[in-house]
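J.: Take a look at the following structure, please.
The values are calculated or read from the model by the stated rules, or taken from the named source; none is laboratory data. Because the structure is a prediction, the values reported are computed rather than measured. Cβ placement follows ideal geometry from the backbone for every residue including glycine, while neighbour counts extend to all protein chains displayed.
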Amino acid sequence: MDANTSVVQSSRKFGKSSRSKNIQKAHKHRRNGLIGWAFITPFLIFFVIAIIMPIIYALYLSVFTDKLIGGRVFTGLSNYVAILTNGLFWDGLWRVIRVFLIQVPIMLGLALLAALAIDSARLVGRSAFRILLFLPYAVPGVVAVLIWEFLYGNQFGLTANINTLFGLSLQPLSKNMILWSIGNIMTWSFTGYNMLILYSGLKTIPTELYEAARLDGASEWQVAWHIKVPAIKGQLLISFMFSIIGTFQLFSEPQLLQTPAPNAISSSYTPNLWAYNLSLNGSQYNLAAALAIIMGLITGVLAFVTQNHGSKNID
Amino acid sequence: MSRKNTKNAATVAVSTGSGVRKNGYSRRHSPVLFIFMLVLALYSIIPLLWLVLNATKSQGDILSTFGLGFGHKLNIVENLKATFTYEDGSFLRWLGNTVMYVVIGAGGATLLAALAGYGMAMFDFAGKQIVMAIIIGAIAIPGNALVVPTFLLFAKLGLTNTPLAVILPSLISPFGFYLVISYVQSGVPREVVESARVDGAGEVRIFFQIVLPLLMPCIVTVLLFAIVSTWNNYFLPLIMLNDPKWYPLTVGLAEWNAQATGSATPKPIYNLVIMGALVTVIPIIIIFLMLQRYWESGLSAGSVKQ
């Protein structure tokens, strides 16, 4: 490094011929290249260990099958076929799709309204609301589930109080309701987070843009719907993409709720929970790998399509 | 909402005591918005309020008294003591593990992202475009999708059930890498670095003494997101670790909870689960409140990344 520096400096001292200039340039370029690589190499090493190698190894495992007799045999796509022809996979996928179709619009709708509210001068206590609504995002997923699990309990817990008070018999942990109880925990955890993403977009809209509309007599709702919402399409898209990823990769909530609701949540309740349970059993590593890759592909393709489609619309 | 409605509504806002004095000024405040946000705020806060209240109760009171009220006696000190001493102090051990994972994992992730982001933004080198495309592509890979493949690989390498199994995957933050690049491009003038070079400063010194201080707001944001995701991490340590002595708080708490609600296990310990949950949440909430503006800058940066 130091040798290169002195070369560059000395070539600067002697002559200004184009040849020495070129040499100087080439040296500087090579030196810069080496330093650049030196700065990114530590990151790249761990990047390969933590991201590239697991993907390659899972791809490898997914096309083999470990047999009791005969050991590891190449079986092509048969693990993928085994997953895709298993009803448990489609049941799990359908569950996350239902959450995606119902919970995500509710959550993003609330987040959008809340973002518009804290962006509006008509709301009292805007910064307090901003903090209060974002607070659940800081709560670890495990703790969020623990709290709601207690609230959902119909022996004691708030559900029991509500049931006695109104003469209801709500059972949030029952087979019929558990998916929506999970959706509620997700809404609770992430509404404020999405609100802040959307709000960060609203803050950047130049006020002249809607002052003019206001002078023309547009109502606040019209300004919000026709000016503000279109202006934060990019942020809406990001929230939407995070939500796709969150729902299709759903794991912690159903895994933790298995304890209080063992009959309502099977070991393949969501695709990720199934992959986890398969990977606990050494003889099913190959299936677990295939399942993880299928779900990674589905999520990735959905996120990619959303982003492509969305950014086209923005242009 | 029409102007007329707003005027009527304003009188309501005044009478509900929203802190507005002048009539002319109050016209601008909407009670509809306020009530909507109040409901959302209650929804956000009540579960946390429940946690705080119930951490002060004995196990008997948790089961028998109203969830959003106090118990018959304040049991907070006893609960704290019991949480930290149960099973020879496993909870303290898990707290220590979580701190270790956060310091090494999140600290390391931030340092690696800062070095790499600076190298990427400030230097030109062969292969840069390809490296950039691969890493940015990795931002789109959901963390949960990588957990099972990483477990399968680490099981093969014999890394499972060691702290490394939790630390190694935490060391990479593609989001942090991206944030540092955009910050260097806008916040670190090339001339400053060039003139330091002319003065004879080495590259390492330039990075730590000149660039890093300029990057501080960005570093805090990256660190904050890394701390929270490592502190809250559950899926990864759950699948990687068998031995309770390496558990982080999240996995330990989940196990206590399984014991509390399961049937075939020792006696339930609701009060310890709830107090443990509160102790797990408090540091994160404090960090979060103290560094609020960094959250917001991180979220807005994340949302312009496309």
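J.: What's the number of the only condition in (1) more than 29 Å from A:I294 (Cα to Cα); (2) surrounded by fewer than 24 Cβ atoms within 10 Å (Cβ to Cβ) that B:V222 fails to meet?
T.: It is condition (2) that B:V222 fails.
J.: If only one of A:P260, A:P254 is in contact with a helix residue (DSSP H, G or I) (Cβ under 7 Å, 6 or more places away or on another chain), assigned to a helix (DSSP H, G or I), in contact (Cβ under 8 Å) with a residue 40 or more places away in the chain and closer than 30 Å to A:L151 by Cβ, which one is it?
T.: Details: A:P260 fails: assigned to a helix (DSSP H, G or I).
Testing whether each residue is in contact with a helix residue (DSSP H, G or I) (Cβ under 7 Å, 6 or more places away or on another chain), assigned to a helix (DSSP H, G or I), in contact (Cβ under 8 Å) with a residue 40 or more places away in the chain and closer than 30 Å to A:L151 by Cβ leaves just A:P254.
J.: Now a separate question. For the stretch A:54-67, enumerate the residues that are under 24 Å from A:G296 (Cα atoms) and outside any helix (DSSP H, G or I).
T.: Looking only at the stretch A:54-67, we keep the residues that are under 24 Å from A:G296 (Cα atoms), and these are A:54-66.
Scanning the stretch A:54-67 gives A:V63, A:F64, A:T65, A:D66.
Yes/no matrix, rows are residues, columns are (1) part of a helix (DSSP H, G or I); (2) in contact with a Cys (Cβ under 9 Å, 6 or more places away or on another chain); (3) under 30 Å from B:L40 (Cβ atoms); (4) among the small types (G, A, S):
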site	(1), (2), (3), (4)
A:R30	yes, no, no, no
A:A38	yes, no, no, yes
A:F47	yes, no, no, no
A:I52	yes, no, no, no
A:I69	no, no, no, no
A:Y80	yes, no, no, no
A:L88	yes, no, no, no
A:L108	yes, no, yes, no
A:A117	yes, no, yes, yes
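J.: Please verify whether A:S189 is part of a helix (DSSP H, G or I), within 14 Å of chain B (Cβ to nearest Cβ), in contact with a Leu (Cβ under 8 Å, 6 or more places away or on another chain) and among the polar types (S, T, N, Q), treating the condition exactly as stated.
T.: Details: part of a helix (DSSP H, G or I): yes; within 14 Å of chain B (Cβ to nearest Cβ): yes; in contact with a Leu (Cβ under 8 Å, 6 or more places away or on another chain): no; among the polar types (S, T, N, Q): yes.
No; evaluated as a whole, the condition is false for this residue.
J.: Restricting to the stretch B:55-114, count the residues that are away from every other protein chain (no Cβ under 12 Å) and among the polar types (S, T, N, Q).
T.: 8
J.: Right, another one. Exactly one condition in (1) among the β-branched types (V, I, T); (2) touching a Leu at 6+ places or on another chain (Cβ under 8 Å); (3) surrounded by fewer than 19 Cβ atoms within 10 Å (Cβ to Cβ) is not met by A:I178; state its number.
T.: Of (1) among the β-branched types (V, I, T); (2) touching a Leu at 6+ places or on another chain (Cβ under 8 Å); (3) surrounded by fewer than 19 Cβ atoms within 10 Å (Cβ to Cβ), only one is false for A:I178: (3).
J.: Next up: Considering each residue of the stretch A:295-312, count those that are more than 10 Å from every other protein chain (Cβ to nearest Cβ) and either within 13 Å of B:A145 (Cβ to Cβ) or modelled with pLDDT of 95 or more (or both), and give that number.
T.: 2
J.: From the list A:I102, A:I45, A:I131, exactly one residue is among the β-branched types (V, I, T), within 24 Å of B:I139 (Cα to Cα) and surrounded by fewer than 19 Cβ atoms within 10 Å (Cβ to Cβ). Which is it? Even if it seems obvious, please write down each step before you answer.
T.: Details: A:I102 fails: within 24 Å of B:I139 (Cα to Cα); A:I131 fails: within 24 Å of B:I139 (Cα to Cα).
Sole residue among the options that is among the β-branched types (V, I, T), within 24 Å of B:I139 (Cα to Cα) and surrounded by fewer than 19 Cβ atoms within 10 Å (Cβ to Cβ): A:I45.
J.: Quickly run through the stretch A:221-241 and pick out the residues that are at the interface with chain B (Cβ under 9 Å from one of its Cβ atoms) and either among the aromatic types (F, W, Y) or touching a strand residue (DSSP E or B) at 6+ places or on another chain (Cβ under 7 Å) (or both).
T.: A:W221, the sole residue that qualifies.
Residue by residue, here is whether (1) closer than 30 Å to B:L212 by Cα; (2) touching a residue at least 12 places away in the same chain (Cβ under 8 Å) holds:
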residue	(1), (2)
B:E87	no, no
B:A109	yes, yes
B:L115	yes, yes
B:I134	yes, no
B:A140	yes, no
B:T160	no, yes
B:L164	yes, no
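J.: Could we say that A:V142 is of a type outside the set (D, E, K, R) and within 11 Å of chain B (Cβ to nearest Cβ) here? Steps first, answer last, please.
T.: Working: of a type outside the set (D, E, K, R): yes; within 11 Å of chain B (Cβ to nearest Cβ): yes.
Yes; evaluated as a whole, the condition is true for this residue.
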